[in-house]
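Quick notes on the structure that follows.
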Amino acid sequence: MPVPDTAVSARRKAVPFVRDAMPADHPAIRAIVTAAYRQYADMIPSVIFSNYRADLLDLDRHASLGRLLVAEADERVWGFGAFYPDASVQSFGWPSGWASGRALAVHPAARGRGVARALIAAVEHLALDRGAPVFAFHTASFMTGAIALYERLGYRRAPEFDIDMGVHFGGLSAVPVTALAYLRHLTRTRAHVTGVRQAGCPARSVHPKQRDHQ
């Protein structure tokens, strides 16, 4: 039985695609980051969380050192991530020449729709285009859903690059709050790695092979 054109169109619109963020997207980005990280507010000392959230929301700094990306579906922005072509500028101990990312966030209402996978595929594509051999990032030890996703995607622990969030973001804690380092050696064999839409240009699709479960 043929599928009506309207149904095909709706399904295509529901697939997230990644594009460069524009200044007009900044309020939506801040709302997404705030909503996505709110669940962790009670898991670490308040001063550490406050400074950590402020760092995530510092879009001007992220943009000055890298590239802001958003994932859009159904004509709405649902996810955000900052791509850093040179990981070393983050002062987390990453080697120069590696690429990295910061502040990956998916709005709680969009989880399970492949938004995080689309963003990760996009930053890997950008890293490969720049010749980076490794894409690396940190995620907090209490973000168990995100950790499970990264490991399913082939990212592996690099404990030599772990950081103490209390030391880095300021704030005393009786128990260290660890940001876990993850990395992946990049190749062009991953079928789901695709491009990033430039603002104002026709969309290039992102095809996450499986859905994220953050």
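Rule-based calculations on the coordinates, nothing more; no lab input. Note that the structure is predicted; figures quoted are calculated from it, not measured. Note that we place each Cβ from the backbone using ideal geometry, even for glycine, and neighbour counts take in every protein chain shown.
Observations
- Spin-label model distance (nm) - MET43 vs ASP164, 7 Å beyond Cα toward Cβ: 2.1 nm
- Computing FRET efficiency as 1/(1 + (r/R0)^6) for THR34 and THR178, where r is the C-beta to C-beta distance and R0 is 22 Å, gives about 0.45.
- Segment 97-141: C-alpha gyration tensor shape, a/c 1.5 cut-off, then a/b vs b/c: oblate
- Cα gyration tensor shape of segment 78-196, rounded if a/c is under 1.5, else prolate or oblate by comparing a/b with b/c: oblate
- Segment SER64-ARG76, length gained on full extension (0.36 nm per residue, minus Cα span): 1.8 nm
- Order of TRP98, TRP78 - criterion: other Cβ atoms within 10 Å of each residue's Cβ, fewest first: TRP98, TRP78
- Sequence ranges 37-46, 102-111, ranked by mean other-Cβ count within 10 angstrom, highest first: 102-111, 37-46
- For segment 5-185: relative contact order, % (alpha-carbon pairs under 8 angstrom, 6 or more apart): 22 percent
- Rounded to whole Hz, the Karplus (6.51, -1.76, 1.60) HN-Hα couplings of segment 17-34, x for glycine and proline: 10, 10, 9, 5, 6, 10, x, 5, 7, 4, x, 5, 4, 4, 5, 5, 4, 4
- Long-range amide H partners of VAL177 with built H, under 5 Å: MET165, GLY166
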